[in-house]
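What follows is a single structure, written as structure tokens, with notes after it.
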């Protein structure tokens, strides 16, 4: 039987935040868009602590109102618990213009709210639909897709935006993957009934805790609005390879090495089994071309430590849509100039912040932040709030140089 062929302007692979923003902006600009999503929503995924910069992209896509109405947990900063100190970051104390608050979200609800708004606008989302083959050349794109009944169909389009996250559809099908230069790390995580209303705790901030014996091991505690929290621990993969221990045993044993966090969670109860992701950092040899663009985690994922993943994904969607619409007008553009270089400004800034966290430079800076020059602290806070593309900020223009300079003063 011959495959059914469907035609559109742009196929967006993945209905998560990046896919929703890309699809909605394209549709609002008059494009015929089809969204393909392998899973059925709602579904569990991490990446639950947004940054204020991400609100800008939700606003541009006309999706901010549905998010604000959803009663997600308000977020105004981040707290850091070190073995020998505590530091607090308030996002309002930044240099960049724009939002200084955001939300902490259970992604199964957040992603579905965005996807439902996209469908309500008139965009087709094909759930439980997997892209099994892709042919992309200068003349156009052809995708072969398969639904959960094993029926196949072809879609022809002018352009493909891959927002498939960890699925990394086009990198796999087009052989674009290349190894990350980050050391392999493993994350263990779950959701808990936190019982934090009985204790002194600021639900408006994510809490990052550092292990008392190994600064390369850290934990996140992300409170939601319903007395549920996300808890996770990140460690070098070679320290998580004990096959005699369960995921839960590794998670809670790690937390036992963080006294303040252990005490906070003494009454907590797991409400889902502990999951893990290993070797999650990823990279590609090509981010975009005349007929495709990789968005967010489908292109590159750094590390969860500063909650940059969703913000990078949203930024990439916003940039890719701008570049595609320009290409429609001018017939051809330089995707390196219009998309790759602008995106990598922020990615490279976050990369240096992540690297300096693990080698200790940024941990020293954050610990000393109460005593840091106010202008410097405000610039660093801007990055932690997601404003890693603001080139008026010296830490965006030359992140390694200024981190080294400030870290040396904190010795």
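In the list 196, 176, which residue meets the criterion of being over 29 Å from residue 30 (Cα atoms), at pLDDT below 95 and under 21 Å from the mean Cα position of the chain (by Cα)?
176
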>> Tell me the residue from 341, 364 that is surrounded by fewer than 23 Cβ atoms within 10 Å (Cβ to Cβ), assigned to a helix (DSSP H, G or I) and modelled with pLDDT under 95, please.
In response: 364
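Hey, among 119, 142, which residue is more than 30 Å from residue 223 (Cα to Cα), free of Cβ contacts under 8 Å to residues at least 24 places away in the same chain and surrounded by fewer than 20 Cβ atoms within 10 Å (Cβ to Cβ)? Let's see the steps before the verdict.
Values: 119 fails: more than 30 Å from residue 223 (Cα to Cα).
Checking each option against the conditions leaves just 142.
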> Of all the residues that make up segment 203-216, how many are at pLDDT below 95 and either on the phi > 0 side of the Ramachandran plot or within 21 Å of the chain's Cα centre (by Cα) (or both)?
Replying inline: 1
> In segment 78-97, what residues are under 19 Å from residue 386 (Cα atoms), surrounded by fewer than 22 Cβ atoms within 10 Å (Cβ to Cβ) and out of contact with any helix residue (DSSP H, G or I) (no Cβ under 6 Å at 6 or more places or on another chain)?
Replying inline: 79, 88, 90, 92, 97
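Tell me the residue from 332, 326 that is more than 21 Å from residue 234 (Cβ to Cβ), over 19 Å from the mean Cα position of the chain (by Cα) and in a loop (DSSP other than H, G, I, E, B), please. Before you say what the answer is, go through the steps one by one.
Details: 326 fails: in a loop (DSSP other than H, G, I, E, B).
Residue meeting the stated conditions: 332.
Do the conditions hold for residue 47, that is, is it within 17 Å of the chain's Cα centre (by Cα), buried (at least 16 other Cβ atoms within 10 Å of the Cβ), assigned by TED's automatic domain parsing to the domain that holds residue 164 and on the phi > 0 side of the Ramachandran plot?
On the way: within 17 Å of the chain's Cα centre (by Cα): yes; buried (at least 16 other Cβ atoms within 10 Å of the Cβ): yes; assigned by TED's automatic domain parsing to the domain that holds residue 164: yes; on the phi > 0 side of the Ramachandran plot: yes.
Yes; evaluated as a whole, the condition is true for this residue.
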>> Looking only at segment 245-282, how many residues end up being under 20 Å from residue 227 (Cβ atoms) and part of a strand (DSSP E or B)?
In response: 2
> Condition test on residue 313, is it farther than 20 Å from residue 182 by Cβ, assigned by TED's automatic domain parsing to the domain that holds residue 28, in a helix (DSSP H, G or I) and touching a helix residue (DSSP H, G or I) at 6+ places or on another chain (Cβ under 6 Å)?
Replying inline: no
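The values are calculated or read from the model by the stated rules, or taken from the named source; none is laboratory data. As the structure is a computational prediction, the values presented were derived from the model and not from experiment. So basically every Cβ, Gly included, is an ideal-geometry build from the backbone, and we count neighbours across all protein chains shown.
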